[in-house]
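K.L.:
Supplied in structure tokens, the structure appears directly below.
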Amino acid sequence: MKQFLAYFGYLLLLLNFILYVSAYFKNNKAYKIFTIYLFVMMCVQLSSHLCMRFYSNNLYLSHFYFIGQFIILSLFYLKLIKENFQRRVIAIGFVLVLSTLSIQYVIRPELFFKFNLYEIFITSFLLIIYATFHFYNMLDEKKVFYFINMGILMYLFGSTILFLVGNLTAKFSLKFSFVTWILNTFLYAIYQLFILYEWIVNYYRKKQVLEN
């Protein structure tokens, strides 16, 4: 079941990248940044799968995933959000997170080969705040990247809880840890479906209208 969900999520990620990159040059900077995000996530997921298959240890790639996701989605929200206070929050959060993580890895380099709970929490928590900002702004503005934003909020909120709880309970219950990973792969597949739906509703239909 876990393998099926994982491969289903990977296939959706690949499909989404192909679809979004097909209209890369026809859309705005926020769209282009999100397309780059899909590409980076695809590279990290592929590398993680290959490392697990041939070397068995791929924990260090989780840092590229969480930090890469934080950097690119922070830039994505900077392009979407126009309100000055919210933009300052994003800019300050960007600098503080990267600074504190850099200091942490300099002081404790062994963390590079483990799950870093602080990294998981702080990068995901701030992105949840940025997604909430965007939802609030869309109450009075045009609904731009509505389904992607919904997917980000749903996935990050759920996966952060699962990562934190799963890490704390892994020592005590292997079965519970397995359930945690199953739920996370399920959330990731749902997230990719939100991204796919965004493209179908707002980009495929627009493309069809232009062609007609």
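Quick note: the coordinates plus some simple rules give every number you see, no bench work behind them. Only a predicted model underlies this, so the values are computations on that prediction, with no experimental measurement involved. Neighbour counts run over all protein chains shown; Cβ positions are idealised from the backbone, glycine included.
K.L.:
By how many nm would the segment from Ile129 to Cys43 grow when fully extended, if each residue of separation counts as 0.36 nm and the alpha-carbon distance is taken off? Write down the numbers at each step before the final one.
P.N.:
Details: separation 86, 0.36 × 86 = 30.96 nm, distance 2.61 nm.
Contour length minus Cα-Cα distance gives 28.4 nm.
K.L.:
For helix 61-80, report the angle its Cα long axis makes with the longest principal axis of the Cα atoms of the chain; keep it between 0 and 90° and round to the nearest 10°.
P.N.:
30
K.L.:
Under a Cβ-only charge scheme (Lys and Arg +1, Asp and Glu -1), can you give me the dipole magnitude of segment 1-111 about the Cα centre, in debye to the nearest 20?
P.N.:
Working: 10 positive and 2 negative charges, 68 e Å.
Dipole magnitude for segment 1-111 comes out near 320 debye.
K.L.:
Dipole of segment 52-152, Cα-centred, from +1 at each Lys and Arg C-beta and -1 at each Asp and Glu C-beta, to the nearest 20 debye?
P.N.:
Values: 9 positive and 5 negative charges, 31 e Å.
For this selection, approximately 140 debye.
K.L.:
Compute the Cα gyration tensor for segment 1-124, then decide on rounded, prolate or oblate, letting a ≥ b ≥ c be the square roots of its eigenvalues: rounded whenever a/c is under 1.5, prolate when a/b is larger than b/c in the other cases, and oblate in all that remain.
P.N.:
Oblate shape, in that a/c is at least 1.5 and b/c is the bigger or equal ratio.
K.L.:
Report, in deg cm²/dmol and to the nearest 500, the calculated mean residue ellipticity at 222 nm for the chain, where each DSSP H run with n ≥ 4 adds -39500 (n - 2.57) and the sum is divided by the residue count.
P.N.:
Counting only the DSSP helices, I get -27500 deg cm²/dmol.
K.L.:
Just to be sure I understand the model, the point goes 7 Å from the Cα along the line to the Cβ. What's the resulting Val21 to Val201 distance in nm?
P.N.:
Each label point is offset 7 Å from its Cα along the Cβ direction, giving 2.6 nm.
K.L.:
Let me ask you something else. So, in nm, how far is label Leu139 from label Gln3 when the simple model puts each one 7 Å beyond its Cα toward the Cβ?
P.N.:
Placing both labels 7 Å beyond Cα along the Cβ direction yields 4.8 nm.
K.L.:
Related question: If the only charges are +1 at each Lys and Arg Cβ and -1 at each Asp and Glu Cβ, what is the size of the charge dipole of the chain around the Cα centre, to the nearest 20 debye?
P.N.:
On the way: 18 positive and 7 negative charges, 44 e Å.
It works out to roughly 220 debye.
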